[in-house]
Amino acid sequence: MDKQILNDYIDACELIRETERDIKRLKKRREEVLQDSVRGSNPEFPYNPQSFKIHGTAYTCRDDNRLRTEEELLVERKNSADRIRRDVEVWMLTIPARMQRIIRYRFFEGLSWAETAARMGRKATGDSVRMEFANFLK
């Protein structure tokens, strides 16, 4: 496992959130129903005025097929990002607890090396924590 996979993890988590938001937007668009009322008259004599309520979707069958295809692609994208996220989380369980904390603070929370060292305690410095991480990746 290298540093790039940790960056991929962050991107994968963000991609999952964005994709879930896009899927909700598509589902909402497909469920949208427009309503209106029109006036007309009875087709038989006497021609009494009547009011009719109409409702339906704002898109065609072709649009519906396109929206369904787009939703399937979004689900596939989310699943792919979720696999990356799970792989990194499984790998994180196999490394020492101290390194888990360093990685979590530095990469997942976006802290600087100095801030990470402050959180680690034990008189750690930013450079010592950075070197510990570099030695771990070798």
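Coordinate-derived values only; no laboratory data. Keep in mind that this is a model prediction, so the values were computed, not measured. As a convention, Cβ positions derive from the backbone with ideal geometry for all residues, glycine included, and neighbour counts pool all protein chains shown.
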Along the charge dipole of region 1-80, pointing to its positive end and built from +1/-1 on Cβ of Lys, Arg, Asp and Glu, which listed residue (34, 49, 12) has its Cα farthest out? 49
Want the number for residue 63 to residue 14: 0.36 nm per residue separation, take away the alpha-carbon distance, what's left? 14.8 nm
Taking a virtual spin label 7 Å from the Cα of residue 5 along the C-beta vector, which residues in region 91-124 bring their backbone nitrogen under 12 Å of it? 91-95
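At R0 = 22 Å, how high is the FRET efficiency between residue 136 and residue 83 if r is their beta carbon distance? Nearest 0.05 is fine.
Details: r = 24 Å, r/R0 = 1.09.
The computed FRET efficiency comes out at 0.35.
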Suppose every K and R has +1 on its Cβ and every D and E has -1 on its Cβ; what is the size of the dipole of region 38-84 about the Cα centre, in Debye to the nearest 20? 100
Extended-chain gain in nm, criterion 0.36 nm per residue less alpha-carbon gap, residue 45 and residue 118: 17.4 nm
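How much length would be gained if the chain were fully extended between residue 109 and residue 73, taking 0.36 nm per residue of separation minus their Cα-Cα distance, in nm to one decimal?
Details: separation 36, 0.36 × 36 = 12.96 nm, distance 2.94 nm.
Difference between extended and current length: 10.0 nm.
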Please identify every one of the trypsin sites (Lys or Arg not before Pro) in region 28-137 that sits in a loop by DSSP and has no more than 13 other beta carbons within 10 Å of its own beta carbon. 122, 123
Which of the following values of Rg and Dmax of the Cα atoms in Å was calculated from the structure shown: (1) 14.3, 41; (2) 27.7, 96; (3) 18.0, 67? (2)
